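The values are calculated or read from the model by the stated rules, or taken from the named source; none is laboratory data. The structure displayed is predicted, hence computed values, not measured ones. Cβ placement follows ideal geometry from the backbone for every residue including glycine, while neighbour counts extend to all protein chains displayed. When the accessible area is computed, the model is the full protein with side chains, heavy atoms only, and any ligands, DNA or RNA have been set aside. Shrake-Rupley method; radii C 1.70, N 1.55, O 1.52, S 1.80 Å.
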Amino acid sequence: MSLLSVRGLTAFYGDSQALFGIDMEIAAGETVAIIGSNGAGKSTFLRSICGLLAPPADSIHLNGRPIAGLPANQIARAGIALVPEGRRLFPSLSVEENIGLGGYGGRSGPWTLKRVYDMFPDLYIRRSHAATKLSGGQQQMVAIGRALMANPDLLLCDEISLGLAPRVVKDIYRSIDSIIGEGTSVVVVEQDIAQALRVADRFYCFQEGRVSLGGRPGEVSMATISGAYFGV
């Protein structure tokens, strides 16, 4: 049984259709990259999985259980956590308060506040600071730590390298390697093809709301991937 099974997923913003019949399987412990240009539907796909959009009934199953149409808080308690594009931290809360919000669902697992600080020691030093006063890379660490506090079975990471310096991106992806090492399934949405493929067991390329290509890194040529990415 797949951890996550998606069948015929569509999504709309008003009258505008953003996803067209997406099919996807993610196994327990697997890392999947979703690549594609701006507007390809990558973030819309994650929002649909998390319950932030209303997907068709029976189009999404987690551990064999239908979750399409459930409220976002119930989906989080079922085992899915999102690191959103732009981080979406609470400016009125400290670093520690922002991280702690991720644990409100009470799921048991390996991730605690101490484990988050062990992974990101800079956050421990700045734990009483306002989260939005930190550097972009540190804010991304807070967003990842908040998601980990939910002890998810599936972690969804939306453009976590966006706007960050290459050295900071390397540090962020080092933490993703550690998360993967814990056995957590991870979906990484990225425009950076090389970065995404480096951590992925499999990838899907989105183009105009459809899957244009799927496969395993190393088994598909970069020329083929680029063609699917740009639709040529």
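Side notes on the structure shown:
- If the chain linking LEU93 and ARG210 were pulled fully straight, counting 0.36 nm for each residue of separation and taking away their Cα-Cα distance, it would gain 38.3 nm.
- Straight-line cross-link partners of LYS42 among the lysines, defined as a Cα under 29 Å from its Cα and at least 8 positions apart when in the same chain: LYS133, LYS170.
- With all protein chains modelled, accessible area of MET141 [1.4 Å, Å²]: 20
- Considering only VAL116, ILE26, LEU9, the residue lying farthest towards the positive end of the dipole of region 1-123 is VAL116, judged by Cα position with unit charges set on Cβ.
- Dipole in debye (nearest 20) - region 62-173, about Cα centre, beta carbon charges: Lys, Arg +1; Asp, Glu -1: 160
- 3J(HN,Hα) couplings calculated from phi for region 164-177 with the Karplus curve 6.51 cos²θ - 1.76 cosθ + 1.60 (θ = phi - 60°) are, in sequence order, 9, 5, x, 5, 5, 4, 4, 5, 4, 6, 5, 5, 4, 4 Hz; Gly and Pro show x.
- Note on ASP118 and ARG174: their simple-model spin labels are 1.7 nm apart, each label 7 Å out from Cα toward Cβ.
- Taking a point 7 Å out from the Cα of TYR104 in the direction of its Cβ, the residues of region 81-98 whose backbone N falls within less than 15 Å of it are 81-82, 88-94, 97-98.
- Protection proxy ranking for 72-81, 213-222, using the average of other Cβ atoms within 10 Å per residue and placing the highest first: 72-81, 213-222.
- Neighbourhood charge, 14 Å Cβ-Cβ cut-off, centred on ARG216 and excluding it, Lys, Arg +1 and Asp, Glu -1: -2
- Protein accessible area in the chain, 1.4 Å probe - carbon and sulfur %: 52
- LEU162-GLU219 pseudo-label distance in nm [points 7 Å out on the Cα-to-Cβ vector]: 3.0
- In order along region 98-106, the Karplus-derived 3J(HN,Hα) couplings, from 6.51 cos²θ - 1.76 cosθ + 1.60 at θ = phi - 60°, round to 4, 5, x, 4, x, x, 5, x, x Hz, and Gly and Pro are given as x.
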